[in-house]
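To start, the structure itself, in structure tokens.
The values are calculated or read from the model by the stated rules, or taken from the named source; none is laboratory data. Quantities reported herein were computed from a predicted structural model and do not represent experimental measurements. Don't worry about glycine lacking a Cβ; one is built from the backbone with ideal geometry, like all the others, and counts go over all protein chains shown. Each accessible area value is taken on the protein alone, full model and side chains, heavy atoms only, with ligands, DNA and RNA left out. Shrake-Rupley method; radii C 1.70, N 1.55, O 1.52, S 1.80 Å.
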Amino acid sequence: MTEIQQNKPLISQLLDTWIQGEASETYALANYANAAAIIFQNVSAVNWAGFYLYHAETNTLALGPFLGKPATALIAPDKGVVGQSFTSQQTIVVPDVYAFPGHIVCDVDSNSEITIPITTASGQKLGVLDIDSTERNRFGKQEQADLENFVQALLQYVKLV
Ligand code: SME
């Protein structure tokens, strides 16, 4: 186990711990899978955590590694919270999914959601991290900052997908 770093969110430290020593981006799917599990197990009141990965040849976001109930397999870049986040390249925090126009329901128990684009420093758009919570208003400023940090940490391990 790596030493606890006070300035780094726990979930990002767990990511480095679990992926450290792996052949990183060569096994991107394995790293996405562990990343989904780390969030699902360590962020409270989360009922779905996973990835939509961008396929440029079909201009589609396809379901990738996740934990939670089965979900919509394909999302167009202009649909749902996931698509809007991808197209705008912005994190979207949804305090109440039932008040969000165009929200795609995957699990009726979800009440709030956060989506974060996964894009390399050189601008390669890889996909979107999507997390649902059973609680309304689960994701605040601190959670957003921690999860954006997590995505930055993850990027070094998934670049080739
Ligand atoms: N709610 C998402 C769809 C994916 S599920 O939440 C897992 C959306 O509106 O894009």
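Of the numbered conditions (1) over 18 Å from residue 138 (Cα atoms); (2) surrounded by 12 or more Cβ atoms within 10 Å (Cβ to Cβ); (3) modelled with pLDDT under 95, residue 122 satisfies every one except a single condition; which is it?
Status for residue 122: all satisfied but (2).
Within the stretch 121-141, identify whether any single residue is more than 23 Å from residue 8 (Cβ to Cβ), within 15 Å of the ligand (Cβ to nearest atom), among the acidic types (Asp, Glu) and touching a strand residue (DSSP E or B) at 6+ places or on another chain (Cβ under 9 Å), and answer yes or no.
yes
Kindly establish whether residue 145 is in a strand (DSSP E or B), more than 9 Å from the ligand (Cβ to nearest atom), aliphatic (A, V, I, L, M) and surrounded by fewer than 20 Cβ atoms within 10 Å (Cβ to Cβ).
When the stated conditions are applied, residue 145 does not pass them.
Considering each of 88, 24 in turn, give the residue that is at pLDDT below 95 and within 23 Å of residue 124 (Cα to Cα).
24
Filter the stretch 38-54 down to residues that are open to solvent by less than 30 Å² (accessible area, probe 1.4 Å) and assigned to a helix (DSSP H, G or I) and give me whichever is nearest to residue 147 (Cα to Cα).
Filtering first and then ranking leaves 39.
Within the stretch 55-67, is there a residue that is in contact with a strand residue (DSSP E or B) (Cβ under 8 Å, 6 or more places away or on another chain), among the hydroxyl-bearing types (Ser, Thr, Tyr) and either part of a loop (DSSP other than H, G, I, E, B) or on the phi > 0 side of the Ramachandran plot (or both)?
No: the stretch 55-67 contains no residue that is in contact with a strand residue (DSSP E or B) (Cβ under 8 Å, 6 or more places away or on another chain), among the hydroxyl-bearing types (Ser, Thr, Tyr) and either part of a loop (DSSP other than H, G, I, E, B) or on the phi > 0 side of the Ramachandran plot (or both).
Taking only the stretch 79-120 into account, find how many residues are on the phi > 0 side of the Ramachandran plot and either touching a Lys or Arg at 6+ places or on another chain (Cβ under 7 Å) or more than 10 Å from the ligand (Cβ to nearest atom) (or both).
Adding up the residues that qualify gives 2.
Restricting attention to the stretch 71-82, which residues are closer than 18 Å to residue 56 by Cβ, in contact (Cβ under 8 Å) with a residue 24 or more places away in the chain and open to solvent by less than 60 Å² (accessible area, probe 1.4 Å)?
At the first step, the residues of the stretch 71-82 found to be closer than 18 Å to residue 56 by Cβ are 73-79, 82.
Narrowing the set further to residues that are in contact (Cβ under 8 Å) with a residue 24 or more places away in the chain leaves 75, 79, 82.
Across the stretch 71-82, the qualifying residues are 75, 82.
For residues that are under 15 Å from the mean Cα position of the chain (by Cα) and of a type in the set (D, E, K, R), scanning just the stretch 82-134, find the one that is farthest from residue 43 (Cα to Cα).
125
So is residue 153 among the aliphatic types (A, V, I, L, M), outside any loop (DSSP other than H, G, I, E, B) and surrounded by fewer than 16 Cβ atoms within 10 Å (Cβ to Cβ) or not?
So residue 153 does not fit the description; no.
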